[in-house]
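Working notes for the structure below.
The values are calculated or read from the model by the stated rules, or taken from the named source; none is laboratory data. Owing to the predicted nature of the structure, the values given are computational and were not obtained by experimental measurement. Here the Cβ positions follow ideal geometry from the backbone for every residue, glycine too, while neighbour counts run over all protein chains shown.
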Amino acid sequence: MSAQIISAEESSNLTAIVILSMILTPIVGILFERFIQTKEQTSLENVRVAEGLSGKVLMIGFGRFGQVSSQLLLARGIDVSIIDNDIDMIQNAERFGFKIYYGDGSRLDILHASGADTAEAIVVCVDHKETTNKIVELVQHEFPMAKLLVRSYDREHALHLVKQNVDYMIRETFESAMLFGGAILEELGVDQSNIEEISQEIRELDKNVLELKLQQMMSMLVSACNIQDRVRLHL
């Protein structure tokens, strides 16, 4: 006779635990969902939700990049509607007099509520390139009349945005890095006219590299299409 690994009493207790867990699991799930919903509702108190906005410019994302960019528009008296989905940031910005609305710019209903239908320009300043790409695709499809200006994450992302034919894009660190490099040269005693000349050369070089990479990508795409056509002919 084989040895009994679990006694009858232990087996009974284990069965009771399993049954109890099966009963409690959906209850815990419901309570957890209610807790999350309550937390979200509480956290959104005293936060403006995007609805019925009609600014001349719709800015999506109010991180460091958006904060600096928006100051030029606000100083000029431009009517700007700004949305972001970071509640803490919105509340902190409110303390400094900024009016930021809560909303996820990658959702079509939020874009409508934020005034994308009537905005002359839609400015995308979010931190993640995947989210940026989703917003760009959505805006171009649903709001083609608006000017679309986008902050790019890096050179590869810039290439993607160029292919998407956005009206304007800029890499988030390029211009600040150029100014910083110029300041270093100035501190080292380099003449200002020479600094401007060097900076222009660097900008032209960067532009040429970007255009070259774009041409290479287009060439690869054409080659891939030609290969597909030849394969079809042999089928």
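Condition check ((1) surrounded by 12 or more Cβ atoms within 10 Å (Cβ to Cβ); (2) at pLDDT 85 or above; (3) within 30 Å of His128 (Cβ to Cβ)) across all residues:
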site: Ile198; (1), (2), (3): yes, yes, no
site: Glu201; (1), (2), (3): no, yes, no
site: Glu211; (1), (2), (3): yes, no, yes
site: Gln215; (1), (2), (3): no, no, yes
site: Met218; (1), (2), (3): no, no, yes
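With respect to the conditions (1) part of a helix (DSSP H, G or I); (2) in the same structural domain as Ser69 (by TED's automatic domain parsing); (3) among the basic types (Lys, Arg), Arg203 lacks only one, and its number is (2). Taking the range 110-145 as the range and being crowded, with 17+ Cβ neighbours inside 10 Å and in contact (Cβ under 8 Å) with a residue 60 or more places away in the chain as the test, the residues that pass are Ile110, Ala113, Ser114, Gly115, Ala119, Ala121, Ile122, Val123, Val124, Cys125, Val126, Ile135. Total residues in the range 41-61 satisfying the condition of being touching a Cys at 6+ places or on another chain (Cβ under 7 Å) and in a loop (DSSP other than H, G, I, E, B): the figure is 1. Answer yes or no: is there a residue in the range 123-130 that is over 23 Å from Glu172 (Cβ atoms), touching a Gly at 6+ places or on another chain (Cβ under 9 Å) and of a type in the set (A, V, I, L, M). Scanning the range 123-130 turns up no residue that is over 23 Å from Glu172 (Cβ atoms), touching a Gly at 6+ places or on another chain (Cβ under 9 Å) and of a type in the set (A, V, I, L, M).
For the range 122-166, name all the residues that are of a type in the set (Asp, Glu) and under 17 Å from Phe65 (Cβ atoms).
Step one: list which residues in the range 122-166 are of a type in the set (Asp, Glu), which gives 127, 130, 137, 142, 154, 156.
Listed by number, the residues that qualify are Asp127, Glu130, Asp154.
Of all the numbered requirements in (1) surrounded by fewer than 17 Cβ atoms within 10 Å (Cβ to Cβ); (2) free of Cβ contacts under 8 Å to residues at least 40 places away in the same chain; (3) within 24 Å of Val68 (Cα to Cα); (4) more than 14 Å from the chain's Cα centre (by Cα), Gly182 misses one, and that requirement is (1). Only a single item in (1) among the β-branched types (Val, Ile, Thr); (2) part of a helix (DSSP H, G or I); (3) modelled with pLDDT of 95 or more is not met by Val166, and it is number (2).
If you check Ser70, Ser81 for being touching a strand residue (DSSP E or B) at 6+ places or on another chain (Cβ under 9 Å), part of a strand (DSSP E or B) and touching a residue at least 12 places away in the same chain (Cβ under 8 Å), only one passes: Ser81.
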